[in-house]
Amino acid sequence: MISSFKQIKKRSNSAILILDKAITLDQYCTINLSTSNTELQKIDIKNPNVCQRYIDLILNRNQAKVAFGGYLEKRNIYDNKANFFQNETKRNIHLGIDFWAKAGTKVIAPLDAQVHSFKNNTTIGDYGPTIVLQHEFGGDTFYTLYGHLSVASLKNISKGQLFKAGETIATLGTTAINVNYAPHLHFQIILDMEEKEGDYPGVCSAVDLDFYSKNCPNPKLLLNYI
């Protein structure tokens, strides 16, 4: 599977984007939302309005429109959400990359794909509207998940629907729609969906990290600019 990702990157002559191509890569910057970021010790990052102000600070500091990062970050942003605590086990390790951008930003298919499944995951702290795409390459099958979308993104979509690389598949949702987060895209690669539909864990505990880090490899394996 890793060799397939390398071949995909090798065949691409440019960055493989998942947000509106009108936003050029010089308008992207990295962001650190981990517990190791001392700037976050002074603010309540769990509050979506406070989180948005911090994102805006980072964007303005870097003269950017998109802030991205977060793979395997240990975060406290989930600490006020009950469904991240199960049997005294805390889920706080992020399994995808977040792209923090304005609500309404277009989300595009990174590769040719078909729709595997979709769902509005409405539990507080979940994804809100979510689409999962299925990709075939070099005999391998893998999936990409897009969380925190607009409700409209699910209105005219169907299982098996085909998308070409670069086609718009969705738009980003607002805080009210994406269940209490500042607007962003959660992007995650998944090797085995484990028969799940329109949903897959995007955050895991330290106990389960070995399994999930293998089943959800770093998106930089696919994208050409991280």
Relative contact order (percent) for the chain, with alpha-carbon contacts under 8 angstrom and 6 or more residues of separation?
24 percent
Alpha carbon convex hull of region 167-226, volume per residue in cubic angstrom
142 Å³
For region 116-190, would you read off the P(r) tail past 17 Å as a percentage of all alpha carbon pairs?
42 percent
Could you compute how fast the chain diffuses translationally, taking Rh as the Kirkwood radius over C-alpha pairs and applying Stokes-Einstein at 20 °C with viscosity 1.002 mPa s? Give it in µm² per second.
121 µm²/s
In what sequence, largest accessible area first, do ARG61, ARG75 appear using a 1.4 Å probe?
ARG61, ARG75
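Plugging the Kirkwood radius over Cα pairs into Stokes-Einstein for region 93-226, at a temperature of 4 °C and a viscosity of 1.567 mPa s, what D comes out in µm²/s?
Approximately 88 µm²/s, per Stokes-Einstein.
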In deg cm²/dmol, rounded to the nearest 500, the helical mean residue ellipticity at 222 nm of the chain, built from -39500 (n - 2.57) for every DSSP H run of length 4 or more, is -4000 deg cm²/dmol
Once you list every other residue whose beta carbon is under 13 Å from the beta carbon of SER117, what net charge do they have if Lys and Arg are +1 and Asp and Glu are -1?
-1
Protection proxy (average C-beta count within 10 Å per residue), highest first, orders 107-118, 150-161, 213-224 as 107-118, 213-224, 150-161
Using +1 at the Cβ of each Lys and Arg and -1 at the Cβ of each Asp and Glu in region 1-134, identify which of GLN63, GLN7, ALA113 lies farthest towards the dipole's positive end.
GLN7
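ALA206 to ARG53: FRET efficiency via 1/(1 + (r/R0)^6), r the Cβ-Cβ distance, R0 30 Å, to the nearest 0.05?
In this case the efficiency is close to 0.50.
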Can you give me the Cα centroid spacing of region 63-114 and region 172-226 in angstrom?
7 Å
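The values are calculated or read from the model by the stated rules, or taken from the named source; none is laboratory data. Just so you know, these numbers come straight off a predicted model, no measurement behind them. Positions of Cβ are generated from backbone atoms using ideal geometry, with glycine treated the same way; all protein chains shown enter the neighbour counts. In case anyone asks, the SASA skips ligands and DNA or RNA and just uses the protein heavy atoms, side chains included. Shrake-Rupley method; radii C 1.70, N 1.55, O 1.52, S 1.80 Å.
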